[in-house]
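The values are calculated or read from the model by the stated rules, or taken from the named source; none is laboratory data. Predicted, not measured: the structure shown is a model, and the values here were computed from it. With ideal geometry, Cβ positions are generated from the backbone for all residues, glycine too; neighbour counts draw on all protein chains shown. Please note that ligands, DNA and RNA were not included when accessible areas were found on the heavy atoms of the full protein model with its side chains. Shrake-Rupley method; radii C 1.70, N 1.55, O 1.52, S 1.80 Å.
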Amino acid sequence: MQDLSWVIVGGASGLGALLAEMAAEAGARAVGIIDIDGAAAEAALAPARARGLTTAFAACDIRTAPACNDAFATVAGALGRVDTLVNSAAIYPRRPTLGVTDEDWDLSNAINIKGTYHMMVAAIAHMRAQEPRAHIRGRIVNITSVDAFKAHPSNIHYAATKAAVVSLTRSIADHVAPDGILVNSVAPAGMATEKARQAGFLPELAKASPLGRGALPREIAEWVLVAGGPKNTYMTGENIIVSGGYIYA
């Protein structure tokens with residue numbers, strides 16, 4: 001993270017907000033957040049501001065390309081250079097396996113797939129114009145899910161969108177490799193977040209994992225920081241699965 005500028009989409013809460021805090025802790029030069037909730041995005045930058053870092057935020061509904069382009073331009077303009085983009089924005093409402101409506105599909109696809117794609121396109125245009133550092137012009141990390149690789153009948157449309165993001169990651173990584181831009185994804189299993197606790201999901205997460213518990217958010221965030229940080233100078237098109245054994249159980 002040393003001297004890198006990070007932009008986190010969906011960084012106003014949850015894993016995204018934690019990533020903004022941890023990037024600052026690890027020595028980032030600047031941190032930006034793009035989120036549909038602008039007030040929450042600004043609040044989530046408090047740890048970075050407390051460390052004296054350059055910060056920026058933009059409120060954005062990521063379902064359309066113009067909105068994504070405008071939000072990214074706003075944040076990048078304030079930060080000056082964006083070294084790492086993290087796509088952490090997603091929705092995951094549960095629906096019956098054979099009861100996913102057109103509206104459910106359209107909203108999940110628009111946010112989880114299209115929004116991720118549009119933000120990658122905006123970041124790539126910016127990164128291509130940058131001078132490389134140690135061969136690298138930029139890094140992109142997409143948050144996918146272990147559900148992309150296993151049956152998840154209570155969340156079938158979410159799992160399908162995350163499988164699509166794995167495919168997007170590989171295709172975009174191949175396309176921009178000559179530019180010195182690394183694109184990877186991190187696929188966590190269920191995390192023991194406060195939201196999961198309130199929803200009563202912790203016993204379900206514990207049962208699914210051979211380790212007997214859901215992942216702590218920091219345990220997932222560490223891998224995102226590795227993929228998006230300065231130690232990664234060669235890995236691209238990869239998907240890092242951090243499942244506590246759920247992937248094989």
Ellipticity estimate at 222 nm from DSSP helix runs (n ≥ 4, -39,500 (n - 2.57)) divided over the chain, nearest 500: -12500 deg cm²/dmol
Sulfur and carbon atoms: percent of accessible area, the chain [1.4 Å]: 57 percent
Solvent-accessible surface (1.4 angstrom probe) belonging to Arg49, in square angstrom, nearest 10: 110 Å²
Share of alpha-carbon pairs per 5 Å distance bin for the stretch 109-176, given as whole %: 4, 16, 25, 20, 15, 9, 7, 3, 2, 0
Within a Gaussian network of the chain (alpha carbon springs, distance under 10 Å), most fluctuating of Ala28, Ala125, Ala221: Ala125
Accessible heavy-atom area order of Glu21, Glu131, highest first, probe of 1.4 Å: Glu131, Glu21
Scattering curve values for the stretch 142-206, log₁₀ I(q)/I(0), Debye with Cα scatterers, q = 0.23, 0.25, 0.27 Å⁻¹: -0.95, -1.04, -1.12
In sequence order, calculated HN-Hα J values of the stretch 225-234 (Karplus, 6.51, -1.76, 1.60; Hz; x Gly/Pro): 5, 5, 5, x, x, x, 6, 8, 10, 9
Kirkwood Rh in Å, taken over the stretch 1-119 so that all alpha-carbon pairs contribute: 14.4 Å
Residues of the stretch 48-62 with amide N under 18 Å of the 7 Å Cα→Cβ point at Ala26: 48-49, 51, 53-54
Gap separating the Cα centres of the stretch 155-204 and the stretch 98-116, nearest whole Å: 15 Å
Accessible surface, per residue, of the stretch 1-89 when the full set of protein chains is kept, probe 1.4 Å, Å²: 35 Å²
